[in-house]
Amino acid sequence: MQLRIAATDRAKRPVIIYRHSALIRLTHWVGVVCVTLLLLSGLQIFNAHPALYLGQVSDFGHPIASIGAGQKDARQIGITKIFDYSFNTTGFLGLSGPSSDDQHAFPSWLALPGYQDLAAGRRWHFFFAWLLLVDALTYLIYSIVSGHLWRNLVPSVPQLRHVGSSIRDHLRLRFPRGEEASHYNILQQLFYLVILFIVLPLLVVTGLTMSPALDAAFPFLVDALGGRQTARTIHFICALTLVCFAIIHVLMVLLSGVWNNMRSMITGWYVIKPEFHRHGDAS
């Protein structure tokens, strides 16, 4: 991470650093758009068959998870089932409103497109899946060539020793400040590495098994993943993991200084207040 000091008196004035390069910022925002539209179109696809299985084929009688509508005391309710546990999720999952048209796993207003159209949802999904793949590869290649990966994402041994204290500080809403805020903290590094090298690759590989053409070209992928339905389940779990990561990421941005964090990801410039040396913004 290249620093350009714009304030000369570090003891009295804020220090402005150039935290994110133009390509890092571009790939970040392209990724935000792609992931958002992929999730919305993915809900449209899931609504067409709202159940998950393990193995090669669908065992309709024994899904490991399902979302739908059912009867209880002469009224319809939304039911989400995970293994042998059932939950009443009326009003959102399974049944989002009083009409029979509201019987979807996820509400129609949350899916892309908003009406039931599996073919359109698949077109949206595959288009932005390929765009996200290009975006992620661009980010990865740039990070390796520029040294961003090794300088900012791969933690050192001393940093790994402070995982526990970093977790405690974040739970207390005490974020790195001062010089510590000029680089990613250990939790950011670990989360970004997991997303970049585990979650996203699994999403891509399992997504390939959802395409009949690519499935025919690379049939070994299905077998390696434990079957087509297992791959679909892994794909869903990875997508859910990405949603959880996004929620935590946005929450940390809001709590640690929304304007400073947003400015750094839009313009590249990040303000450090020198009077704080221990805790700080997480973006």
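The values are calculated or read from the model by the stated rules, or taken from the named source; none is laboratory data. As the structure is a prediction and not an experimental result, all values here were calculated from the model. Quick reminder, even Gly has a Cβ in these numbers, built from the backbone with ideal geometry, and neighbours come from all protein chains shown.
Residues that are touching a residue at least 24 places away in the same chain (Cβ under 8 Å) and under 30 Å from Trp269 (Cβ atoms) number at least 1 in the following helices (runs of 4 or more DSSP H) confined to the stretch 151-245: 157-160, 163-171, 186-194, 200-208. Tyr270 falls short on exactly one of the conditions (1) outside any helix (DSSP H, G or I); (2) modelled with pLDDT of 95 or more; (3) not aliphatic (A, V, I, L, M), and that condition is (2).
Of all residues in the stretch 148-180, those satisfying the criterion of being β-branched (Val, Ile, Thr) and under 23 Å from the mean Cα position of the chain (by Cα) are Val154, Val163, Ile167.
Within the stretch 53-60, at least one residue is buried (at least 18 other Cβ atoms within 10 Å of the Cβ) and either more than 20 Å from the chain's Cα centre (by Cα) or within 30 Å of Arg25 (Cα to Cα) (or both). The residues of the stretch 109-121 that are surrounded by 13 or more Cβ atoms within 10 Å (Cβ to Cβ) and modelled with pLDDT under 90 amount to a single one, Gln116. Beta carbons closer than 8 Å, at least 6 apart along the sequence or on distinct chains, pair a first residue in the stretch 108-123 that is within 21 Å of Phe92 (Cβ to Cβ) with a second that is among the aromatic types (Phe, Trp, Tyr) for Ser108/Tyr115; Leu112/Trp124; Pro113/Trp124.
I'd like to check something: does the stretch 151-173 contain any residue that is of a type in the set (A, V, I, L, M), surrounded by 16 or more Cβ atoms within 10 Å (Cβ to Cβ) and closer than 24 Å to His28 by Cα? Taking every residue of the stretch 151-173 in turn, at least one turns out to be of a type in the set (A, V, I, L, M), surrounded by 16 or more Cβ atoms within 10 Å (Cβ to Cβ) and closer than 24 Å to His28 by Cα. Scanning the stretch 27-44 for residues that are surrounded by fewer than 17 Cβ atoms within 10 Å (Cβ to Cβ) and among the polar types (S, T, N, Q) turns up just one, Thr36. A residue that is surrounded by 19 or more Cβ atoms within 10 Å (Cβ to Cβ), basic (Lys, Arg) and assigned by TED's automatic domain parsing to the domain that holds Ala119 can be found somewhere in the stretch 219-241.
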